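Working notes for the structure below.
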Amino acid sequence: MKLDDILIQLGEFGLYQKYLYSMICWTSVYCGIYALMSVIFLNTPDHRCKIPGLQNDTYGIYNAYHENLVNNYIPPPSDDATDDYDRCHLYSFDYNDVMFDNSGRPINASLVECTDWVYSDSVFKETFTSKFNIVCGEKHLTSFIKSLFFAGKLVGAIVFGNLSDAFGRKTAFYIALVSMFGLTFGMSWSSSYIVFGVILTAIGATTQGVFPVGFVLGVELVGPSKRQYAGIVIDFFFSLGLMFLAGVSYFARHWFYISIICSAPAALFILYWWLIPESPRWLISKQKYEEANTVLQKAAKINKVVIEKNLFEKEIENRKTEPVGRIWQLFSTWVMLLRTLVIMFNWCIVSMMYYGLSLNAGNLGGDFYLNMFLSGLVEIPANAMALLLVDRIGRQKVYCLSMLLGGCACASTIIPILIDEIENQAIITALAMIGKFGATAAFSTIYFFSAELFPTVVRNAGMGASSCAGRIGGIVAPYIADSVRGMVGKVFPLGIFGLLAITAGLSSLYLPETLNKPLPETIEDGKRFGKCKIPGLENDTYDIQNANHQDLVNSYIPPPSGDGTHEYDQCHLYSIDYNDVKFDNSSRPIYASLFNIVCSDTHLIPLVKSLYIVGKFIGAVLFGNLSDAIGRKTTYCVALMSMFGLTFVMSWSSSYIMYAVILTAVGAVAQGIIPVGMVLSKMSSEIL
């Protein structure tokens, strides 16, 4: 008997499943807390050099004498008007041989790099960054350490994925959970940024054994009609973790106490070994039928349902060797290659966008804690929207619209920042939260959308590869979020996330819809999935090959219903059962239902034409700020080389989706060539 049939008898989401699933969900809160803990611990407060010889120096000015000393020793900000002082340099002078200007600053004093700093306590009393002075010459280490968390997730995805398949979901989940508790609790006593970085990497790895493996463990005991809800509801608890972190940080305001408060309750998870059973689906896959039967009998008892005492008597006698998939089969044909690359690209971008916006929440301006809390709160309606719409309008549309919404919101944030950041703070925050809304809904959707696209024989391999691609996006996200300071630093990340999200959203239109369709089982099913052709006819062509082909076309393809200029209906297919169908004189089925295949996409033709202009709009903002941040020459060369590569590759566009994406990018880079090139040439003429 198949497990899904047993679960239907058992109760698809009975009391036992609810108990188990709720326990798994609480561990998701724990993962949510530590997913963004680095934003708190590695926050860099406003700072300046400590005045030599002044033991009680503070960042805030406490009297006129202190203000005079600050003016004597601390230079004004040189590269960022939003700073109060130069963060990294100190005037070096001799009081016996120096003159001061009207502001109290020394004339012709030399600048030296300082080795001791004072920090503002307006947001945090102390962070890990301020305790160990990871600033100025070492400030790049904060982005590096943040990225180590996602590097750990990449390693953990491989290690715990294989561990759960080899030794069981429960074993892998418990090892990860206990390890995560020990690491997060021990992190509070990190003695250096090297120790902190190593522990954070290990925590990132263990989260991949807690959240994904726990997710599988909880969902595998839920009936088939409830799995989709179980797959998204767990994300709500992850969002609660983000909001809990913002609340604890607001009241504690010290990285050590925040760490203790957030990690200590996880000691209760040690009891899970005795409270959570092994997944019966995994036990069946390993032919441990007696253990699986024990778990299911216990579930039936708690659910107050009567089922057979020995559920798997016939399974031992009729063992079948299931086909084994290999990861290389994901790239074995053009169809599978392009589909896999599009899925992996979207995993990378949606992960980069989600974590990048989360990490960038503190850089938006306004109240740090409110931004962090809103960043978690907005995920609740986002997950709810995904839950309500994926079964109504389809996975592809929900994912694509979510990415486009998030991307456009991020790109639009640039405008109010450039006009007046302080005056438009509410608008900036609202647009950033809409961007996070879109990223969250997309992330929730792509999990099961991609799982449904991969054929069964390579589904685990495909999801593993996609998860690794997502981790790469997470590794890159901190560098984008922390890339530049000041005004450009607030514009640049949002512009990058917006452009990439729009590109990824459009590329997802290449993927076929999976709603209400039988999922592909074999590689051959995967190649045919989503294609409009006669079912089961591998070598189908538009032109009629022979009389037998003509009969098959008449059996499955309706006559034209529109303007009469086409030989066949371009949008529909007859849904027939040869055992229970009658045909008319033209071999067409009588009273057969029509199945809509495509053709709702004709509106995309004018859309594709307009995307070049959309690209120019994005490029005008992006490359303008990029040229200010990294230089005219660098920006011009990057745009020029990108233009060559894009226009050359455009000749091999394999679909209108690919063509649309490339055309949008061409429009964007054009704004990095003509305007930036004009500025560069004008500067050159002025020099000459």
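The values are calculated or read from the model by the stated rules, or taken from the named source; none is laboratory data. Computed from a predicted model, the values in this text were never measured in an experiment. Virtual Cβ from ideal backbone geometry, glycine too; neighbours counted across all protein chains shown. Accessible surface areas use protein heavy atoms only, side chains included; no ligands, DNA or RNA. Shrake-Rupley method; radii C 1.70, N 1.55, O 1.52, S 1.80 Å.
Here are a few things to note about the model shown:
- Less than 5 angstrom separates the built amide H of Trp117 from those of Lys50, all sequence-distant by 5 or more or on a different chain.
- Furthest towards positive pole of dipole, Ala35, Tyr21, Gln55, structure part region 1-59, Cβ charges: Gln55
- Neighbour net charge for Phe13 - beta-carbon separation under 15 angstrom, K R +1, D E -1: +1
- Given R0 = 56 Å, the distance between the Cβ atoms of Ile61 and Ala267 translates into a calculated FRET efficiency of 0.80.
- P(r) weight above 25 Å for region 362-473, C-alpha pairs, percent: 32 percent
- Rounded to the nearest 20 debye, dipole of region 1-95 from Cβ charges on Lys, Arg, Asp, Glu: 460 debye
- Per residue, in Å², the accessible surface of region 105-148 once ligands and nucleic acids are set aside, probe 1.4 Å: 50 Å²
- Residue-normalised accessible area of region 192-275, given per residue in Å² at a 1.4 Å probe: 38 Å²
- Entries of Lys50/Lys146; Lys153/Lys288; Lys146/Lys170; Lys2/Lys298; Lys18/Lys436 with Cα pairs more than 22 Å apart: Lys50/Lys146; Lys153/Lys288; Lys146/Lys170; Lys18/Lys436
- Based on alpha-carbon atoms, the Kirkwood radius and the radius of gyration of region 408-447 give Rg/Rh equal to 1.12.
- Sparsely packed loop sites in region 347-409 (the trypsin sites (Lys or Arg not before Pro) outside DSSP H, G, I, E and B with at most 12 other Cβ atoms within 10 Å) comprise Arg392.
- Whether region 172-224 is rounded, prolate or oblate, judged on the alpha carbon gyration tensor where a/c under 1.5 counts as rounded: prolate
- Prolate/oblate/rounded label for region 239-313 (Cα gyration tensor, a/c 1.5): prolate
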